[in-house]
Amino acid sequence: MTGAEGTEPRREGAAAPSGVRTGPLVAGERVTLTDQKGRRHSVLLRAGGVFHTTHGGVAHDDLIGRPEGSVARSVGGHLFLAFRPVLNEFAVSMPRGAAVIYPKDAAAILMQADIFPGARVLEAGVGSGALTLSLLRAVGSAGTVYSYERREDFARVAAKNVETFFGGPHPAWRLRVGDLVETIGPEPVDRVILDMLRPWDCVAAVAEVLIPGGFLCVYVATTTQMGRVMDQIRTHEGFTEPWAREYEVREWHAEGLAIRPAHTATGHTGYLVFARRLAPGVTAPLRRRRPAPGAYGPDYTGPRPGWVRALPPERDDE
Ligand SMILES: C[S@@+](CC[C@H](N)C(=O)[O-])C[C@H]1O[C@@H](n2cnc3c(N)ncnc32)[C@H](O)[C@@H]1O
């Protein structure tokens, strides 16, 4: 394994769109209306349009031309607060082909995989494009996000979501339809993010293009996938010892003396596995710590890291 060198000059260009709009609300854009019970409704503003509610209609013209944070009154006297949806709201409400990476995990990926302005990031699969939005915003116009998706219908959904959010095509985005291992390009990349079935099948392919020191991040939904991909990363020997994390978010209720965790909680989303690419020709130093008893015993059928293969076989009674 040689790994890729990071010598390609960074692209200079016009500022990338951020997906953030300011100024008065205009016809043709989407707003989120929050009612007095805290329920949220997504509405596409159009001149002369009406948002129908059980408390009577809300005229879109009452909002068009007014600043975000304005209140509109329905015919029945109910009040609705209007804001434009921000990235984390858009990502969970946009049309979906496949399950999305939730904002709490996307935020952790940006920080823990160290995604930076100008970075070249490889992402697979694209699914609905939720993570793609965060990656594009983070790398900006000087970066590149190479996104691989093997399903053309999902790629179309993702492309539409990206264009809707950024108001047009994003200059840093290269969307490629095809299986990652079969269609991976030769470009060196600084970061790799995998969110797909069987990510362990792609570890060797992405190691070829990931620069030394670059981060590999794998998002998995189950602990069995977590274990399998970590053992595959170890078995490859071109990465550091991988580490795994789960991020939990707890909402709070704070009103007068009633201060407690909120009743609603985000359920299980997934686990994040990280590792860093080693220099060309370097293999990870042999671990001195023995694995836990049974970790790689006779029942274990997954990939075996080299240092495990070098150990005397475990007996059933150990
Ligand atoms: C859970 S979705 C990705 C969701 C995406 N990260 C998001 O935040 O919206 C997984 C996607 O990986 C794609 N996929 C699975 N294996 C693939 C492969 N070998 N190459 C390219 N895409 C693949 C699937 O078609 C699916 O769309």
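Points to keep in mind about this one:
- Only the Cβ atoms of Lys and Arg (+1) and of Asp and Glu (-1) were treated as charged; on that basis the dipole of the stretch 30-85 about its Cα centre amounts to roughly 180 debye.
- Using the Cβ-Cβ distance between Glu251 and Ala204 with R0 set to 41 Å, the FRET efficiency works out to roughly 0.50.
- Only Cα pairs under 8 Å and 6+ residues apart enter the sum, and on that basis the relative contact order of the chain stands at 15 percent.
- Point-charge dipole on Cβ atoms (K/R +1, D/E -1) for the stretch 89-285, about Cα centre, debye to 20: 120
- Packing-based ranking, highest mean first, of 225-236, 293-304, 267-278 given that Cβ atoms within 10 Å are counted: 225-236, 267-278, 293-304
- A Förster radius of 35 Å, combined with the Cβ-Cβ distance separating Asp61 from Asn88, puts the computed FRET efficiency at roughly 0.75.
- Sites Thr54 and Arg96 - FRET efficiency at Förster radius 30 Å, r taken between beta-carbons, to 0.05: 0.65
- Computed from the C-alpha gyration tensor, the three semi-axes of the ellipsoid equivalent to the stretch 30-85 are 15, 13, 10 Å, from longest to shortest.
- Taking Cα centre as origin and charging only the Cβ of basic (Lys, Arg, +1) and acidic (Asp, Glu, -1) residues, the dipole magnitude of the stretch 154-248 rounds to 280 debye.
- Note on the stretch 200-251: the C-alpha convex hull projects to 4.4 nm² when averaged across all orientations.
- Sparsely packed GluC sites (Glu not before Pro) within the stretch 217-299, loop by DSSP, other Cβ within 10 Å at most 14: Glu246, Glu248, Glu251
- Charge dipole (the chain, unit charges on Cβ, about Cα centre) - positive-most of Ala98, Gly57, Ala142: Gly57
- Extension reserve of the Ala279-Glu187 stretch, reckoned as 0.36 nm per residue once the Cα distance is removed: 31.4 nm
- Arg66 long-range amide H proximity, modeled H, under 5 Å: Leu25
- Note on the chain: along the principal axes its Cα atoms extend 78, 51, 34 Å, ordered by decreasing extent.
- Residues in the stretch 87-113 reached by a label modelled at Ala262 [backbone nitrogen below 20 Å; 7 Å Cα→Cβ]: 87-94, 100-108
- Stretched out straight at 0.36 nm per residue, the stretch from Arg174 to Thr34 would grow longer than its current Cα-Cα span by 46.8 nm.
Coordinate-derived values only; no laboratory data. This is a predicted model, so every value here is computed, not measured. So basically every Cβ, Gly included, is an ideal-geometry build from the backbone, and we count neighbours across all protein chains shown.
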